[in-house]
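Asker: Before anything else, here's the structure in question.
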Amino acid sequence: MSRAKGLLVAVDGVNGVSVKTAARAALAGADRARRGGVSAWDASGIFEELAVADEEEGAGTPSARTLLLLYAADLVFRLRWEIQPALAERRVVVAAPYVDTAVAFGRAAGISGGWLTNLFSFAPAPSVRHYVDAAAAKAKSDRQGYVEFCCERLPGTPQAPTRQELMDRARLQLKAVARRR
């Protein structure tokens, strides 16, 4: 009899706290012996370094494309060191967030779908998808998600949407993705 294969569960959403909660719940639903863990964004520390550089070195304001490229680099790290090893051991691993959250942020920021598809073409399709429909946290101190992080760092201009509008747009984009899947 063959053993079950590994299972990649994607949990996507704008609200970081809600995504973490949903990821833990998804993992808790798996057989205890097969639980491989939760792979959270910024496992590589890229965004932590960016936050420190913002505060200490005046690193400048990254563009939405830069933030997406950094997310892709972080996801490659997560796949290499967290996700693929768990799948190879036939475990359940939860990616929180995964690709759809980044795509939703990119679309909300005006990035073309083709560019985003090409950027994330390396990522394997998840076995299961969960979408968390919760608005971004109102208090800055509660903002722990990728979209929340990015929206706080994008430059504000009179022509650009506010940070809150951008987070709301990303949430709507994610809802649209969820309906299509």
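Asker: Can Ala10 be described as part of a helix (DSSP H, G or I), touching a His at 6+ places or on another chain (Cβ under 9 Å) and modelled with pLDDT of 95 or more?
Answerer: no
Asker: Only residues in region 27-40 that are within 12 Å of Val9 (Cα to Cα) count as the first member; pair them with residues that are of a type in the set (Lys, Arg) and surrounded by fewer than 16 Cβ atoms within 10 Å (Cβ to Cβ), Cβ under 9 angstrom, at least 6 apart or cross-chain, and list the lot.
Answerer: These pairs meet every condition: Gly36/Arg90; Val38/Arg24.
Asker: Please verify whether Arg143 is out of contact with any strand residue (DSSP E or B) (no Cβ under 7 Å at 6 or more places or on another chain) and of a type outside the set (Ser, Thr, Tyr), treating the condition exactly as stated.
Answerer: Answer is yes for this residue.
Asker: Here's something else I'd like to know. For region 143-181: of the residues being surrounded by fewer than 20 Cβ atoms within 10 Å (Cβ to Cβ) and of a type in the set (Ser, Thr, Tyr), which is farthest from the chain's Cα centre (by Cα)?
Answerer: Thr157
Asker: For Arg80, all conditions in the list (1) modelled with pLDDT under 95; (2) more than 15 Å from the chain's Cα centre (by Cα); (3) among the charged types (D, E, K, R) hold save one; what is the number of the exception?
Answerer: (1)
Asker: Output yes when any residue across region 92-102 is among the charged types (D, E, K, R) and surrounded by fewer than 17 Cβ atoms within 10 Å (Cβ to Cβ), and no when none is.
Answerer: Within region 92-102, none of the residues are among the charged types (D, E, K, R) and surrounded by fewer than 17 Cβ atoms within 10 Å (Cβ to Cβ).
Asker: Further question on the same structure: Filter region 75-113 for residues that are acidic (Asp, Glu), over 20 Å from Leu174 (Cα atoms) and in a helix (DSSP H, G or I) and give the result.
Answerer: The one that is acidic (Asp, Glu), over 20 Å from Leu174 (Cα atoms) and in a helix (DSSP H, G or I): Glu82.
Asker: Which residue pairs have Cβ atoms closer than 8 Å, lie 6 or more positions apart in sequence or on different chains, and pair a first residue in region 45-62 that is farther than 15 Å from Tyr146 by Cβ with a second residue that is part of a loop (DSSP other than H, G, I, E, B) and modelled with pLDDT under 85?
Answerer: Ala53/Ala59; Thr61/Pro155
The values are calculated or read from the model by the stated rules, or taken from the named source; none is laboratory data. All values reported here derive from a predicted model rather than from experimental measurement. Using ideal geometry, Cβ is built from the backbone for each residue, glycine included, and neighbour counts are taken over all protein chains shown.
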